[in-house]
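Peer 1: The following block contains the structure, expressed as C-alpha cells.
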C-alpha cells in the first residue's frame, strides 16, 4: 500500500501522521533525499515561504513520483491559490488564520468538484492515474489552521457543518500565542489551555488534530495532550540543527 493510500485511513482513525515543512529550499533532489519511510507528508509553504504557482510544479511532480504526499499551505482562503495548487498535484491544502464557517465553506467549494464544490476540471496532474472525480473529492485533504481565540470559538460550528470535508485541524502555535498577547510563551497555562481546548473539541468530533512543533520534546508533549498530526520543523530549522549536531562540535574542540 502506498503512502497516499495509507494517509486516508490515518486521518480517519486519528493515527499518527508525521511530516515536515519546506519553506525556503526549492530543490527536487532534496525531496528524494528526505523521503524516508516514516515521513507521511511534506508541506510547501506559500504563505510565508518562497513558493509560487511556477516553482511548486516540479516539486509536486517529484513528490508524486516518489509517493510522498504533498500539502500546500496557501496564502489565504481564496479559490485561486487553492485550485492552482491542486491542478499541479497537491494532495492537500492547508488554509491559514481560519476564524469562520464562511472561510471553510469557501475552501471546500474551491477544492471539490461538483456537486460538493465548484472546482473546474483542468490542470496538468490534478488527478492521479486510475482516480475518479469522487476519489479526488475524498482524498484531497483540507487542513484547517486555528490561530486565534476567535477561531477556537468558531471551531465546533466548523466541524458540525463541514467535518466530513475537513481532514484535520492544525494549530499554528506562533500566531495563536500572538493573538493571545503572549508571543511564543508556549509554556504559559493560558496558551496550553487553549491548545487543549482545540484538541478536546476535535476528539469529541472524531477529527484528526495537530500542531506545528519546533522540536521532538514539543511534539511528544503535544502528542500526550492529544495531537496525532505532527507538523515538524521547517527546512531551515533542519539545516541549522544538522550544522549544530555535526559541525559545531568540531569548532568547539569536542
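The values are calculated or read from the model by the stated rules, or taken from the named source; none is laboratory data. Every value quoted in this text rests on a predicted model; they were computed, and no experiment measured them. Don't worry about glycine lacking a Cβ; one is built from the backbone with ideal geometry, like all the others, and counts go over all protein chains shown.
Peer 1: Name the residue that is surrounded by the most Cβ atoms within 10 Å (Cβ to Cβ), counting only residues in the stretch 152-171 that are touching a residue at least 60 places away in the same chain (Cβ under 8 Å) and farther than 25 Å from residue 4 by Cβ.
Peer 2: 158
Peer 1: Right, another one. Across the stretch 43-93, which residue is modelled with the highest pLDDT among those that are within 17 Å of residue 125 (Cβ to Cβ), out of contact with any strand residue (DSSP E or B) (no Cβ under 9 Å at 6 or more places or on another chain) and in a loop (DSSP other than H, G, I, E, B)?
Peer 2: The qualifying residue modelled with the highest pLDDT is 67.
Peer 1: Mind listing whichever residues of the stretch 31-42 are surrounded by 14 or more Cβ atoms within 10 Å (Cβ to Cβ), in a helix (DSSP H, G or I) and either in contact with a helix residue (DSSP H, G or I) (Cβ under 8 Å, 6 or more places away or on another chain) or modelled with pLDDT of 95 or more (or both)? First the steps, then the outcome.
Peer 2: We begin by selecting, within the stretch 31-42, every residue surrounded by 14 or more Cβ atoms within 10 Å (Cβ to Cβ); these are 31, 34-35, 39-42.
Those still in the list that are in a helix (DSSP H, G or I) too: 31, 34.
Passing the criteria: only 31.
Peer 1: Among the helices (runs of 4 or more DSSP H) confined wholly to the stretch 148-254, which include 1 or more residues that are in contact with a helix residue (DSSP H, G or I) (Cβ under 9 Å, 6 or more places away or on another chain) and on the phi < 0 side of the Ramachandran plot?
Peer 2: Working: elements: 149-162, 173-179, 189-204, 216-225, 235-246, 248-251.
The qualifying helices (runs of 4 or more DSSP H) are 149-162, 173-179, 189-204, 216-225, 235-246.
Peer 1: Quick one: which of 18, 24 is outside any helix (DSSP H, G or I) and either touching a strand residue (DSSP E or B) at 6+ places or on another chain (Cβ under 7 Å) or within 16 Å of residue 210 (Cβ to Cβ) (or both)? I'd like the intermediate steps shown before the answer.
Peer 2: Details: 24 fails: either touching a strand residue (DSSP E or B) at 6+ places or on another chain (Cβ under 7 Å) or within 16 Å of residue 210 (Cβ to Cβ) (or both).
One residue alone meets the criteria, 18.
Peer 1: Right, next: For residue 135, work out the one condition from (1) buried (at least 17 other Cβ atoms within 10 Å of the Cβ); (2) at pLDDT below 90 it doesn't fulfil.
Peer 2: (1)
Peer 1: Does residue 26 satisfy being touching a helix residue (DSSP H, G or I) at 6+ places or on another chain (Cβ under 9 Å) and within 30 Å of residue 156 (Cβ to Cβ)?
Peer 2: no
Peer 1: Sticking with this structure for a sec: Return the residue satisfying two criteria in turn: it lies in the stretch 90-107 and is free of Cβ contacts under 8 Å to residues at least 60 places away in the same chain and buried (at least 23 other Cβ atoms within 10 Å of the Cβ), and of such residues it is farthest from the chain's Cα centre (by Cα). Show your work before the answer.
Peer 2: So the first thing to find is which residues in the stretch 90-107 are free of Cβ contacts under 8 Å to residues at least 60 places away in the same chain, and the list is 90, 93, 95, 99-100, 102-103, 105-107.
From what is left, the residues that are buried (at least 23 other Cβ atoms within 10 Å of the Cβ) are 90, 93, 95, 107.
Numbers: 90: 11, 93: 7, 95: 8, 107: 14 Å.
The selected residue is 107.
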